[in-house]
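Reading through the C-alpha cells given below for one structure.
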Amino acid sequence: MASKAVAESENYWGLLSKETSEEVSRFDQAQLETERLHLGVEIRSRIANPANSLKNQFLAWERLIGFLEGMRPLDDQYLFSEYENDLDHRDALQLALTNMPERPRRELSSLLDSLDARFQAGTIQDVTGELDPWLRRRRRDADSAHWWWHRKPKAAPW
C-alpha cells in the first residue's frame with residue numbers, strides 16, 4: 001500500500017495510457033542501461049529495474065511534497081541532503097518529459113503540474129538566500145526555468 005505522501009503518483013501511474021506506458025518503459029530501459037554501466041560486470045545482469053526509473057523519480061518528488069504537507073511518518077528521517085537530491089529528481093523529470101513525444105509528455109506533465117502546485121503551496125521564494133550556503137552553486141548553475149531551486153520550505157522537513 002502506498003503511503004499518503006506518494007498516493008497521487010501511485011494512483012496516476014495505474015491509469016497511464018498504453019502509449020505513455022510504452023514511452024515510460026523505453027525511458028526506464030535506457031536508464032537501466034546507464035545505471036548498469038556503473039556496476040561491475042558480475043552484477044550487471046542481476047539488476048532488473050533501474051533505481052531511478054521515471055516512476056521512482058515521480059515518487060521521490062511527491063515524497064518531498066508529502067513531507068512539506070506534514071505527511072511524514074514519525075519513524076522517517078529526512079536530511080537536508082535529501083532535499084537537494086529531490087530537487088535533482090525534479091530536474092530529471094523535466095529533462096525526461098522534454099525528450100518525450102507530445103502525447104506521453106502531456107499526460108505525465110499533468111501529474112507533474114499537480115505535484116508542482118503542491119510544492120509551491122508548501123514552499124516560498126527564498127528571497128533572502130537562506131538556503132544559499134548549501135545550494136548556492138546549484139542555484140547559480142540551474143536553468144532559469146527550474147524555479148524549484150529558488151524556493152524553500154515554509155516548514156523545513158529536516
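The values are calculated or read from the model by the stated rules, or taken from the named source; none is laboratory data. In this text the structure is predicted, and so the values were computed from the model without any measurement. Every residue, glycine among them, receives a Cβ derived from its backbone with ideal geometry; neighbour counts consider all protein chains shown. Remember, those area values only see protein heavy atoms, side chains included, never the ligands or the DNA or RNA. Shrake-Rupley method; radii C 1.70, N 1.55, O 1.52, S 1.80 Å.
For the range 36-62, how many residues meet the condition of being exposed (fewer than 12 other Cβ atoms within 10 Å of the Cβ) and aliphatic (A, V, I, L, M)?
So the answer is 5.
Restricting attention to the range 1-35, and to residues there that are in a loop (DSSP other than H, G, I, E, B), modelled with pLDDT under 95 and out of contact with any Lys or Arg (no Cβ under 9 Å at 6 or more places or on another chain), which single residue is surrounded by the most Cβ atoms within 10 Å (Cβ to Cβ)?
The selected residue is A2.
Looking at the structure I just gave you, is R72 part of a loop (DSSP other than H, G, I, E, B) and either touching a strand residue (DSSP E or B) at 6+ places or on another chain (Cβ under 7 Å) or not polar (S, T, N, Q) (or both)?
Spelling it out, R72 is indeed part of a loop (DSSP other than H, G, I, E, B) and either touching a strand residue (DSSP E or B) at 6+ places or on another chain (Cβ under 7 Å) or not polar (S, T, N, Q) (or both).
Could you check, for the range 72-83, whether at least one of its residues is of a type outside the set (V, I, T), touching a helix residue (DSSP H, G or I) at 6+ places or on another chain (Cβ under 6 Å) and at pLDDT below 95?
Looking for residues that are of a type outside the set (V, I, T), touching a helix residue (DSSP H, G or I) at 6+ places or on another chain (Cβ under 6 Å) and at pLDDT below 95, one finds at least one in the range 72-83, hence yes.
Considering only the range 85-129, state which residues are among the small types (G, A, S) and within 12 Å of L54 (Cβ to Cβ).
Across the range 85-129, the qualifying residues are A92, A96.
Going by what's in this entry, would A92 be described as touching a residue at least 60 places away in the same chain (Cβ under 8 Å) and either open to solvent by less than 50 Å² (accessible area, probe 1.4 Å) or polar (S, T, N, Q) (or both)?
Here the answer is no, as A92 does not meet what is asked.
Return yes or no: is Y78 more than 22 Å from Y12 (Cβ to Cβ) and crowded, with 19+ Cβ neighbours inside 10 Å?
no
Would you tally the residues in the range 113-158 being over 18 Å from the mean Cα position of the chain (by Cα) and open to solvent by less than 50 Å² (accessible area, probe 1.4 Å)?
Within the range 113-158, residues that are over 18 Å from the mean Cα position of the chain (by Cα) and open to solvent by less than 50 Å² (accessible area, probe 1.4 Å) number 4.
Check whether at least one residue in the range 111-128 is among the β-branched types (V, I, T) and either closer than 27 Å to N11 by Cα or touching a residue at least 40 places away in the same chain (Cβ under 8 Å) (or both), and report yes or no.
Yes: the range 111-128 contains one or more residues that are among the β-branched types (V, I, T) and either closer than 27 Å to N11 by Cα or touching a residue at least 40 places away in the same chain (Cβ under 8 Å) (or both).
Output the number of residues of the range 75-126 satisfying the condition of being part of a helix (DSSP H, G or I) and of a type in the set (V, I, T).
The qualifying residues number 1.
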